[in-house]
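The structure appears below as structure tokens.
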Amino acid sequence: MARSEEVRFRAGDVSLAATLTLPNGEGRLPWVLFVPSWLPRDRDGGWDRVGHPPWFAARRADAAPGLFARLASALATLGVASLRYDPRGCGASDGRWEETDLFTRTDDARDAIGAMRSRPELDLRRTAILGHGEGAGIAISVAIGDPAIGAVGLVGAPARSLRDVLRRGVAERDRTGADREHPIVAALDAEAEVLIERADRREDVITVRIGEDERRVRLAAWEQGFHTPSLALATMLHRNVVIAHGTADAWVDPDESTLLDAALRAGGNDPMLLEIEGAGHDLGGADDAHINALAGALHDRMEPRELPPVLVAIEEMSADG
């Protein structure tokens with residue numbers, strides 16, 4: 001059994017809303033932070049239909065729960081807690097998604113970890129971070145600079161420049177029609193080459209018509225993604241890593257995860273690569289056995305880490321409090 005607690009935490013100049021899932025258990029619990037993929041998302045990992053209702057088609061009645069909600073449940077059965085949050089401007093969080101750059105989203109993930117380090121239920125020595133799509137690069141960046149993070153999960157992760165990944169994704173969605181029912185996807189795909197050209201010129205914004213809605217979207221997140229490929233970041237990562245990729249991913253070709261796996265191995269890591277047949281970017285086609293396998297692989301790699309002195313002090317204070 002597990003319980004869920006609604007929490008908020010400060011991330012820079014805004015407050016973000018989140019769900020902390022706490023399984024029953026004695027002592028401090030290992031825990032995982034989830035970092036979402038591209039475009040406006042909710043804390044469960046699905047499209048943000050609360051903050052951006054005109055941007056997405058209505059949710060199907062038979063749709064599975066979001067990826068992060070499924071993983072939180074699977075991890076809880078293993079005694080692992082988790083935190084999943086609404087990104088800026090999504091769900092119940094403050095801010096505006098279309099004005100947020102990639103580096104700010106990375107800082108938000110760091111702030112989420114920092115906010116949880118005062119929780120007496122959580123084990124600071126057994127912390128993992130799992131990123132999906134864009135969140136995979138963020139997860140790698142955060143883990144590189146945080147010695148207390150012992151395991152990293154990457155789902156639908158890009159390896160090469162976002163410029164290349166975006167072009168290949170647009171071509172795949174042209175071929176299959178995947179996700180084109182969503183006005184934001186159709187609009188951005190139609191403007192992809194203009195977006196790339198303007199981001200390369202470091203222009204500030206692009207105006208995108210999304211159905212009846214016209215929005216100015218900052219280009220900084222794309223420009224930053226062009227110049228911070230996960231493949232380069234992976235050469236600096238020395239952690240336990242689990243990589244999962246659906247073979248029907250219309251956003252990131254599965255060979256991107258193969259490249260990441262090779263780069264991590266070349267750097268002395270021993271990653272696990274899980275290819276999930278027929279699953280899309282959100283692993284929506286994955287059955288419970290696949291989700292449980294991913295959760296189990298991450299759990300098994302959450303080895304205790306030595307803490308720097310500042311985190312030892314926080315650990316002691318939260319225990320006393």
Condition set in a helix (DSSP H, G or I) and without any contact (Cβ under 8 Å) to a residue 40 or more places away in the chain, scope region 223-250, selection surrounded by the most Cβ atoms within 10 Å (Cβ to Cβ): answer is 223
Can you pull out the residues in region 271-303 that are in a loop (DSSP other than H, G, I, E, B) and crowded, with 19+ Cβ neighbours inside 10 Å?
271, 279, 280, 281, 282, 283, 286, 301, 302
Regarding region 251-270, can at least one residue be identified that is in a strand (DSSP E or B) and at pLDDT 95 or above?
no
Please pick out the residue among 185, 208 that is surrounded by 19 or more Cβ atoms within 10 Å (Cβ to Cβ), under 25 Å from the mean Cα position of the chain (by Cα), within 25 Å of residue 245 (Cβ to Cβ) and not charged (D, E, K, R).
185
If I filter region 10-54 down to residues being within 19 Å of residue 111 (Cα to Cα) and surrounded by fewer than 19 Cβ atoms within 10 Å (Cβ to Cβ), which single residue comes out as nearest to the chain's Cα centre (by Cα)?
17
Residues of region 108-121 being assigned to a helix (DSSP H, G or I) and crowded, with 16+ Cβ neighbours inside 10 Å, in sequence order, are 108, 109, 110, 111, 112, 113, 115, 116
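Filter region 252-270 for residues that are among the charged types (D, E, K, R) and crowded, with 18+ Cβ neighbours inside 10 Å; which is farthest from residue 144 (Cα to Cα)? Explain how you work it out, then say what you get.
To start, the set of residues in region 252-270 that are among the charged types (D, E, K, R) comprises 253, 255-256, 261, 265, 270.
The next check asks that each one be crowded, with 18+ Cβ neighbours inside 10 Å; those that pass are 253, 256, 261.
Values: 253: 24, 256: 20, 261: 16 Å.
The residue in question is 253.
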Can you give me the number of residues within region 2-45 that are closer than 18 Å to residue 295 by Cβ, free of Cβ contacts under 8 Å to residues at least 60 places away in the same chain and either among the hydrophobic types (A, V, I, L, M, F, W, C) or outside any strand (DSSP E or B) (or both)?
4
Given (1) free of Cβ contacts under 8 Å to residues at least 60 places away in the same chain; (2) not in a loop (DSSP other than H, G, I, E, B), index of the condition residue 203 fails:
(2)
If I filter region 126-136 for residues that are under 21 Å from residue 78 (Cβ atoms), at pLDDT 95 or above, among the basic types (Lys, Arg) and not in a loop (DSSP other than H, G, I, E, B), do I get at least one hit?
yes
Among 141, 118, the single one that is touching a Ser or Thr at 6+ places or on another chain (Cβ under 6 Å), modelled with pLDDT under 95 and within 30 Å of residue 302 (Cβ to Cβ) is 118
Within region 116-159, can you find the residues that are more than 19 Å from the chain's Cα centre (by Cα) and aliphatic (A, V, I, L, M)?
122, 124
Checklist (1) farther than 21 Å from residue 177 by Cα; (2) surrounded by fewer than 21 Cβ atoms within 10 Å (Cβ to Cβ); (3) touching a residue at least 24 places away in the same chain (Cβ under 8 Å) applied to residue 57, failing item:
(1)
Cβ-Cβ under 9 Å, sequence separation 6+ or interchain: first residue in region 277-292 and of a type in the set (Val, Ile, Thr), partner buried (at least 22 other Cβ atoms within 10 Å of the Cβ). Which pairs?
291/67; 291/70; 291/71; 291/283
Exactly one of 151, 171, 186, 178 is part of a loop (DSSP other than H, G, I, E, B), modelled with pLDDT of 95 or more and of a type outside the set (Asp, Glu), and that residue is 178
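The values are calculated or read from the model by the stated rules, or taken from the named source; none is laboratory data. Just so it is clear, the structure is predicted and the values come from calculations on it, not from any experiment. In this analysis, Cβ positions are derived from the backbone assuming ideal geometry, glycine residues included, and neighbour counts consider all displayed protein chains.
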